[in-house]
2 protein chains.
Amino acid sequence: MSLSLYEASVPALQQSLGALGRILEKAEAHATARKLEPAALLQARLYPDMFAFTRQVQIACDFAKGMSARLAGVEVPSDPDTEQSFAELRARVAKTLAFIGSLDAAKFVGSEAREIVLRPGTPKERRFHGKAYLLHYALPQFYFHVTTAYALLRHNGVEIGKLDYMGAA
Amino acid sequence: MSLSLYEASVPALQQSLGALGRILEKAEAHATARKLEPAALLQARLYPDMFAFTRQVQIACDFAKGMSARLAGVEVPSDPDTEQSFAELRARVAKTLAFIGSLDAAKFVGSEAREIVLRPGTPKERRFHGKAYLLHYALPQFYFHVTTAYALLRHNGVEIGKLDYMGAA
């Protein structure tokens with residue numbers, strides 16, 4: 001065996017969340033330069049029944065925070081979804097980065113076989129072992145929301161490219 | 001250590017490519033039911049300088065095939081990008097699934113430290129160890145293109161949802 005669950009989660013999340021923070025800066029600069037209402041980007045959707053940009057960023061943060069906490073076996077911190085500006089979304093990303101950066105890699109040891117229960121006691125309860133939770137649920141979900149946030153900005157003409165999505169490894 | 005590089009790549013790629021195949025079926029059924037030109041979806045873009053749907057699917061397949069082959073230490077098969085229909089894209093996905101399903105997990109052993117060179121001898125040459133290549137490059141790229149393909153269909157009104165993206169673990 002050659003990867004720890006810590007290595008397969010936290011450093012990759014740090015890369016993508018760092019990228020998302022810089023994308024938020026570029027989006028705000030774009031709105032400022034063109035005198036756009038920030039809400040034109042913050043509330044943009046790709047289709048009426050999809051989540052708006054702000055919610056995509058919040059959910060990306062939630063998956064990063066949730067998967068890191070659950071694999072580390074610590075409580076998932078609660079964050080109210082109150083962000084209304086690019087600055088507040090950047091702060092949400094920074095807070096998420098601070099949380100996942102605070103987790104000790106040693107806490108992830110053994111998490112591959114630990115049972116993880118989502119939405120316990122509800123009709124939507126789901127149970128996974130840590131390995132399946134990370135690889136088959138949480139990571140694909142995280143990248144989905146980061147990519148959709150990126151796609152929303154590209155669709156609205158913000159000048160970002162694949163390197164902005166990838167960030168610095 | 002608790003994950004092999006095989007576990008962190010092939011089964012997750014199989015899940016997402018399986019999902020992508022079913023999404024392609026739903027997109028074609030949508031086009032047929034509404035008497036749409038298939039090209040209205042196949043050539044759709046989220047912005048003029050982004051790749052069209054067909055290319056997003058081809059690139060997703062290329063990342064799945066490329067990362068699996070490189071981590072297994074076998075030659076990356078070449079596929080011409082000639083697909084012009086949903087049926088041909090489904091065949092591309094099926095061919096990719098057959099290839100990655102044919103790889104022996106034992107070949108991935110030791111790949112975390114194996115040097116992987118992309119575009120060797122070109123100005124865009126990049127070198128990674130296998131672990132960084134998988135977690136910090138190939139997986140985020142793969143999910144980017146699968147998600148963008150999904151987003152393009154959603155943006156054009158195809159009735160798919162998050163469960164279609166996630167597929168069956």
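The values are calculated or read from the model by the stated rules, or taken from the named source; none is laboratory data. It should be emphasised that the depicted structure is a prediction, and the values quoted were computed from it without experimental measurement. Cβ: placed from backbone, ideal geometry, glycine included. Neighbour counts: every protein chain shown. Quick note on the areas: whole protein, heavy atoms, side chains included, nothing else; ligands and nucleic acids left out. Shrake-Rupley method; radii C 1.70, N 1.55, O 1.52, S 1.80 Å.
Condition first: under 16 Å from the mean Cα position of the chain (by Cα), of a type outside the set (Ser, Thr, Tyr) and either over 30 Å from A:Leu36 (Cα atoms) or modelled with pLDDT under 95 (or both). Can you find one or more residues in the range A:124-135 that meet it?
So far as the range A:124-135 goes, yes, one or more of its residues are under 16 Å from the mean Cα position of the chain (by Cα), of a type outside the set (Ser, Thr, Tyr) and either over 30 Å from A:Leu36 (Cα atoms) or modelled with pLDDT under 95 (or both).
Would you mind stating whether A:Thr122 is free of Cβ contacts under 8 Å to residues at least 24 places away in the same chain, of a type in the set (Val, Ile, Thr) and part of a helix (DSSP H, G or I)?
No; evaluated as a whole, the condition is false for this residue.
Considering only residues of the range B:112-128 that are within 14 Å of chain A (Cβ to nearest Cβ) and within 22 Å of B:His145 (Cβ to Cβ), which is surrounded by the most Cβ atoms within 10 Å (Cβ to Cβ)?
The selected residue is B:Ile116.
Would you be able to tell me the number of residues in the range B:45-58 that are over 18 Å from the mean Cα position of the chain (by Cα) and either at pLDDT below 95 or crowded, with 17+ Cβ neighbours inside 10 Å (or both)?
Residues that pass the stated criteria total 1.
Could you look through the range A:11-37, keep only residues that are over 21 Å from the mean Cα position of the chain (by Cα) and in contact (Cβ under 8 Å) with a residue 24 or more places away in the chain, and pick out the one that is least open to solvent (accessible area, probe 1.4 Å)?
Selected residue: A:Ala31.
Look at A:Leu41 and say whether it is in a loop (DSSP other than H, G, I, E, B), open to solvent by less than 20 Å² (accessible area, probe 1.4 Å) and either under 11 Å from A:Leu152 (Cβ atoms) or polar (S, T, N, Q) (or both).
Here the answer is no, as A:Leu41 does not meet what is asked.
Condition (residue is open to solvent by less than 10 Å² (accessible area, probe 1.4 Å), in a helix (DSSP H, G or I) and among the β-branched types (Val, Ile, Thr)) applied to the range B:59-80: is it met by at least one residue?
No: the range B:59-80 contains no residue that is open to solvent by less than 10 Å² (accessible area, probe 1.4 Å), in a helix (DSSP H, G or I) and among the β-branched types (Val, Ile, Thr).
Out of the range A:1-38, which residues are small (Gly, Ala, Ser) and out of contact with any strand residue (DSSP E or B) (no Cβ under 9 Å at 6 or more places or on another chain)?
Answer for the range A:1-38, where residues must be small (Gly, Ala, Ser) and out of contact with any strand residue (DSSP E or B) (no Cβ under 9 Å at 6 or more places or on another chain): A:Ser9, A:Ala12, A:Ser16, A:Gly18, A:Ala19, A:Gly21, A:Ala27, A:Ala29, A:Ala31, A:Ala33.
Give me the pairs: first residue in the range A:77-106 and without any contact (Cβ under 8 Å) to a residue 12 or more places away in the chain and more than 15 Å from A:Met67 (Cα to Cα), second residue open to solvent by 40 Å² or more (accessible area, probe 1.4 Å) and not in a loop (DSSP other than H, G, I, E, B), beta-carbon distance under 8 Å, and six or more apart or on different chains, which are they?
Note: pairs meeting the criteria are A:Thr82/A:Glu88.
Could you please find all residues in the range B:129-138 being touching a residue at least 40 places away in the same chain (Cβ under 8 Å) and either within 7 Å of another protein chain (Cβ to nearest Cβ) or open to solvent by 10 Å² or more (accessible area, probe 1.4 Å) (or both)?
B:Lys131, B:Leu135
Is it fair to say A:Glu83 is in a loop (DSSP other than H, G, I, E, B) and open to solvent by less than 40 Å² (accessible area, probe 1.4 Å)?
Taking the combined requirement at face value, the residue satisfies it.
Could you tell me which residue of the range A:86-110 is farthest from the other protein chains (Cβ to nearest Cβ), considering only residues that are open to solvent by less than 40 Å² (accessible area, probe 1.4 Å) and in a loop (DSSP other than H, G, I, E, B)?
Going through the qualifying residues, I end up with A:Leu103.
Can you name the residue in the range B:143-169 that is at the interface with chain A (Cβ under 8 Å from one of its Cβ atoms) and either modelled with pLDDT under 95 or more than 19 Å from B:Thr96 (Cβ to Cβ) (or both) and is also farthest from the chain's Cα centre (by Cα) among such residues?
Filtering first and then ranking leaves B:Gly157.
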